[in-house]
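Inspection log for the structure reproduced underneath, given as structure tokens.
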Amino acid sequence: MIRVLLKLSSPALRAGLQALLASDKTIKVVNDSLDEENAVDVMITSTAFASRVSEVDSPSSAAILLLSDVLSLSKGDDQPHVEEMKRSSRVWGILPTDSSAEELTAAIHALSQGLIVGAPHLLFKSESSLIERGPLTERELEVLGLLSRGLANKQIAFELGISEHTVKFHVSSIYTKLDVTNRTEAVRAGLRGGWIAL
Amino acid sequence: MSNPFTELSNGLTSAVEKGGASTVLVDARKRYPASGIAYAEDLVLTADHVVTRDDIKVILPDGKSLAATVAGRDAGSDLALLRLAEKALKPAKTSNDVKVGQLVLALGRPNTAGMQASWGIVTAISGPARTHRGGLLDEYISTETTPYPGFSGGPLVNTEGEVLGLNTSGLTQGSSLTIPAKVAWRIADELAKHGSVKRGYLGVRTQPVEIPEAARKSLKREQQSGLLVLWLEENGPAQKGGLFVGDTIVAVAGQPVSDPDDLFAALKSETVGKSVAVEVLRGGKPENVNVTVGERK
């Protein structure tokens, strides 16, 4: 079951999305039953709302952010915010607000598998790409260090107190930033690039 | 007149019997079981990647089933040591005499039906090499043997049934290799004593850089590159020892260091807690800095 949190300021947009997602039985919108015990797999937020949310926010939202993959919906007239969000280490997907139910559910499934997803015109602007090569975030450096010790994703998740989903996202991001395709190459690149301490 | 093929066949079956006497079944993961080698009377050496459950069972050659716990493990080398509830094993006899072209057998005991085996020759003895799990293997053996399901953790034996190494498919993607007995048993000794493999730690992040011609002359040896120190851990061993950002590390404990793998290899478990000489180029001139090596956590 993929747990989705709708972090949107507009009740109408929230209700509309909830209705769109209702047809996929593998997706559960957890807004109504959210409590401290719930882990959230995907948080859907708009650019306006997300730019105010940081990793050191209030305890409840900070916890969600840490456990969630952020799928952000951008309005056509919100383009300036998109670039700002692309620089955030929490954004792994961008879709326009008029996305269909199929595009939305496909994106949620892809994000829950550790993939990056988005409409091309929002992800790519001429030669730039969503995840730029380096620098690695603090968390990614931690994960890379644990990769260099030979730990599996599950073990890394345990060491850092995060979900295995989140570890997979960090590993994907590391691979992209270091331009590698597997752990061995990532560790080698990390050592040669000066990102792993010995 | 004796039939050489019959003699060969008899020799192989005898090797399986001798090796099989110290090969056990390790039931420690969701899927099919794997194999293990008797390291001591109550300790089994196996592959770390086959141990994923807490409730572990080991089935002995005579069919007896015993509960086991993890006495130690090292993900980087893909080795784990299991402790049995009682002393019931016949420790394996090992040999370090491995040569390319040697006829060998890979043994496994992945089910209670008995031993399984495949044969081939040693195709290469290689290393050091970085593994899929991020560790660095000093040396490894490649063979033509077929790693059937459940063979990981089992032994590679010679025609006398002596264990030449531990087979595992957990260090390379899509193939199998053998960790030589001298490497595997050294790690097993540490796992038995400490539960893990200690690794030395300096607290530096580095990048390989070319050593300029003039500096190479002052080193009085032909060394093309060293490691430029980019970052020092605050109050880490290197900083406490007096290394600076901008130093180029060129040797540790007398061993030339040209890239991160050299540094990783130099920081062996026996260096932990000891003072080692770290040779650096500082301002183009060699200097020795004594650093007390920490432990990598």
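Every number in this text was worked out from the coordinates using simple rules, so none of it is lab data. Since the structure is predicted, the reported quantities are computational estimates derived from the model, not experimental observations. In this analysis, Cβ positions are derived from the backbone assuming ideal geometry, glycine residues included, and neighbour counts consider all displayed protein chains.
Rounded to the nearest 10 degrees, what's the angle between the helix B:4-20 long axis and the longest principal axis of chain B, both from Cα atoms, 0 to 90?
So the helix axis and the longest Cα principal axis differ by about 70 degrees.
Go through B:16-27, A:18-29 and give me the packing order, highest mean Cβ count within 10 Å leading.
B:16-27, A:18-29
May I ask you to list the lysines whose Cα is less than 19 Å away from that of residue B:87, ignoring any residue fewer than eight positions away on the same chain?
Those lysines meeting the cut-off are B:57, B:64, B:193.
Where is the GNM fluctuation largest for chain B (alpha-carbon springs, 10 angstrom cutoff): B:210, B:144, B:160?
Of the options given, B:210 has the highest mean-square fluctuation.
Taking amide H positions as placed in the peptide plane 1.01 Å from N, state which residues far from residue B:140 in sequence (5 or more) or on other chains have amide H under 5 Å from it.
B:126, B:127
Given the stretch B:211-297, what count of lysine pairs have C-alpha atoms under 14 Å apart, with each pair 8 or more places apart or on different chains?
Lysine pairs meeting both conditions in the stretch B:211-297 amount to 4.
Within the stretch B:271-297, list the residues whose amide N lies under 17 Å from a label point set 7 Å along Cα→Cβ of residue B:214.
It comes to B:281-287, nothing else.
Given points 7 Å out from each Cα along the Cα-Cβ axis, report the residue B:175 to residue B:230 separation in nanometres with one decimal.
3.1 nm
Looking only at B:47, B:214, B:238, which one moves most when chain B is put into a Gaussian network model with springs between Cα atoms under 10 Å?
Looking only at B:47, B:214, B:238, the largest GNM fluctuation is found for B:214.
Is there a simple number for the mean count of other chain Cβ atoms within 10 Å of the Cβ of residues in A:182-193, and what is it?
For this peptide, the per-residue mean of nearby foreign Cβ atoms is 5.
Rounded to the nearest 10 degrees, what's the angle between the helix B:181-194 long axis and the longest principal axis of chain B, both from Cα atoms, 0 to 90?
80 degrees
How would A:170, A:165, A:109 line up from fewest to most surrounding beta-carbon atoms within 10 angstrom?
Sorted ascending by nearby Cβ count, the order is A:109, A:165, A:170.
Quick check on packing: order B:64-77, A:182-195 by the mean number of other C-beta atoms within 10 Å, highest mean leading.
So the peptides B:64-77, A:182-195, ranked by packing, come out A:182-195, B:64-77.
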